[in-house]
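Engineer: For reference, the structure I am asking about is given below.
The values are calculated or read from the model by the stated rules, or taken from the named source; none is laboratory data. The structure displayed is predicted, hence computed values, not measured ones. Methodologically, a virtual Cβ is constructed for each residue, glycine included, from the backbone with ideal geometry; neighbour enumeration extends over all protein chains shown.
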Amino acid sequence: MQSPATSLPRVLVVDDDQDCADSLAELLQCLGAETRVVYGGAQALDELAGFQPRLVLLDIGMPGMDGFEAARRIRERPEGRDAFLVALTGWGRAGDRQRGRDAGFDLHMVKPGEIEALKKLLAELPR
């Protein structure tokens, strides 16, 4: 793990599809991010305080706690209020996007996330 003083953006990847989550984290590391991966909404909440990510890429369709509920709970926590929350999901209908905004997501991206869009996200994050 990098030191907290590092200039690398911290990104928490949350997806129940472990291959997808791990691959995305590897890609983000290649793009210059420090990453952590968890495979569910409850794990994301557990990881939040210790890792303090600047960006959270969160799947919506997960068993147990879905991404909408995880986003709401992240926003309730002091360490999650300023994180940039992105729904990275297969759910892309207008109703899904509205539910995402209501839950606290800052951005909604449909899988697979485009590399250029991820690069732009990382470049625009405050350090």
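Engineer: Keeping to the range 107-119, report how many residues are surrounded by 15 or more Cβ atoms within 10 Å (Cβ to Cβ), of a type outside the set (Gly, Ala, Ser) and closer than 19 Å to residue 9 by Cβ.
Structural biologist: Of the residues in the range 107-119, 3 are surrounded by 15 or more Cβ atoms within 10 Å (Cβ to Cβ), of a type outside the set (Gly, Ala, Ser) and closer than 19 Å to residue 9 by Cβ.
Engineer: So, one more: Kindly indicate whether residue 44 is among the hydrophobic types (A, V, I, L, M, F, W, C), farther than 15 Å from residue 9 by Cβ, out of contact with any Leu (no Cβ under 8 Å at 6 or more places or on another chain) and part of a helix (DSSP H, G or I).
Structural biologist: When the stated conditions are applied, residue 44 does not pass them.
Engineer: List the residue pairs whose Cβ atoms are under 7 Å apart, where the first residue sits in the range 12-40 and is more than 17 Å from residue 84 (Cα to Cα), the second is in a loop (DSSP other than H, G, I, E, B) and of a type in the set (Phe, Trp, Tyr), and the two are 6 or more positions apart or on different chains.
Structural biologist: 16/39; 18/39; 21/39
Engineer: Turning to a different aspect of this structure: Go through 37, 11, 56 for me and flag whichever is farther than 22 Å from residue 92 by Cβ, of a type outside the set (Phe, Trp, Tyr), within 13 Å of the chain's Cα centre (by Cα) and not in a helix (DSSP H, G or I).
Structural biologist: Residue meeting the stated conditions: 37.
Engineer: State all residues of the range 14-34 that are under 12 Å from the mean Cα position of the chain (by Cα) and part of a helix (DSSP H, G or I); if no residue qualifies, say none.
Structural biologist: 21, 24, 25, 28
Engineer: Moving on. Any idea which of 90, 95, 80 is among the small types (Gly, Ala, Ser), surrounded by 17 or more Cβ atoms within 10 Å (Cβ to Cβ) and without any contact (Cβ under 8 Å) to a residue 60 or more places away in the chain?
Structural biologist: It is 80.
Engineer: Out of (1) in contact with an Asp or Glu (Cβ under 9 Å, 6 or more places away or on another chain); (2) surrounded by 15 or more Cβ atoms within 10 Å (Cβ to Cβ); (3) modelled with pLDDT of 90 or more; (4) not hydroxyl-bearing (Ser, Thr, Tyr), what's the single condition that is false for residue 63?
Structural biologist: Evaluating residue 63 over (1) in contact with an Asp or Glu (Cβ under 9 Å, 6 or more places away or on another chain); (2) surrounded by 15 or more Cβ atoms within 10 Å (Cβ to Cβ); (3) modelled with pLDDT of 90 or more; (4) not hydroxyl-bearing (Ser, Thr, Tyr) leaves (2) as the failure.
Engineer: For residue 49, indicate whether it is aliphatic (A, V, I, L, M) and more than 18 Å from residue 125 (Cβ to Cβ).
Structural biologist: yes
Engineer: Moving on to the next point. Out of curiosity, is residue 68 closer than 18 Å to residue 122 by Cβ and out of contact with any Ser or Thr (no Cβ under 8 Å at 6 or more places or on another chain)?
Structural biologist: Criteria not met by residue 68.
Engineer: Limited to the range 75-96, what total is found for residues that are closer than 17 Å to residue 14 by Cβ and either aliphatic (A, V, I, L, M) or part of a strand (DSSP E or B) (or both)?
Structural biologist: 7
Engineer: With modelled with pLDDT under 95, among the charged types (D, E, K, R) and assigned to a helix (DSSP H, G or I) as the only criterion, which of 99, 127 stands out?
Structural biologist: It is 99.
Engineer: Sticking with this structure for a sec: Within the set of pairs 6 or more residues apart or between chains, which connect a residue that is within 15 Å of residue 29 (Cβ to Cβ) inside the range 98-127 to a residue that is part of a helix (DSSP H, G or I) and modelled with pLDDT of 90 or more with Cβ atoms less than 8 Å apart?
Structural biologist: Within 8 Å, the pairs are 113/24; 115/27; 118/27; 118/28; 122/28.
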